[in-house]
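The next block holds one structure in the form of structure tokens; read it before the comments.
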Amino acid sequence: MQDAGALIRMTVDPKAMRDGRNAMAGLLVLAVLAGLAIAWLDSRQGWDDTGVTAGLILLTCGGFAALRPARPWLWAVAVGGWIPLLEIASSGNYGSLLALAVSFLGAYSGALVVKTIRLFR
């Protein structure tokens with residue numbers, strides 16, 4: 001949640017809004033790359049550590065949502081959507097949809113932590 005001064009600056013100064021969009025686009029690209037890296041790691045032949053993969057998804061989604069808590073669903077899909085996409089396409093493993101549940105848990109937890117801290121500041 002942004003303060004009123006930032007919202008006023010965005011409505012008056014188009015450059016502030018453009019900078020915010022550029023930052024959001026950059027973070028989104030990083031989130032997609034992080035999600036692809038986790039999906040690549042998870043798809044390796046010798047990789048059989050679901051807990052580490054789930055932890056990476058949880059922490060990555062939580063971190064991105066903490067940076068921009070307004071849209072936690074966006075971070076959850078950008079990071080956690082690649083594992084089910086790859087697994088379902090390659091082996092028909094619908095159990096990998098649990099990765100999306102973990103990503104949503106991480107993203108909404110990160111956003112909740114930031115919003116709670118801002119509330120009590």
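Just to verify a result, which residue in segment 78-93, among those that are of a type outside the set (Gly, Ala, Ser) and surrounded by fewer than 19 Cβ atoms within 10 Å (Cβ to Cβ), is modelled with the lowest pLDDT?
Out of the qualifying residues, it is 93.
Does residue 43 satisfy the condition of being among the small types (Gly, Ala, Ser) and touching a Ser or Thr at 6+ places or on another chain (Cβ under 9 Å)? First the steps, then the outcome.
Values: among the small types (Gly, Ala, Ser): yes; touching a Ser or Thr at 6+ places or on another chain (Cβ under 9 Å): yes.
Considered against the rule, which asks whether it is among the small types (Gly, Ala, Ser) and touching a Ser or Thr at 6+ places or on another chain (Cβ under 9 Å), residue 43 comes out as yes.
Mind telling me which of the residues 19, 48 ends up being at pLDDT below 90, assigned to a loop (DSSP other than H, G, I, E, B) and out of contact with any helix residue (DSSP H, G or I) (no Cβ under 6 Å at 6 or more places or on another chain)? Before the answer, list the steps.
Numbers: 19 fails: assigned to a loop (DSSP other than H, G, I, E, B).
One residue alone meets the criteria, 48.
The values are calculated or read from the model by the stated rules, or taken from the named source; none is laboratory data. Remember, predicted model here, so these are calculated numbers, not experimental data. Methodologically, a virtual Cβ is constructed for each residue, glycine included, from the backbone with ideal geometry; neighbour enumeration extends over all protein chains shown.
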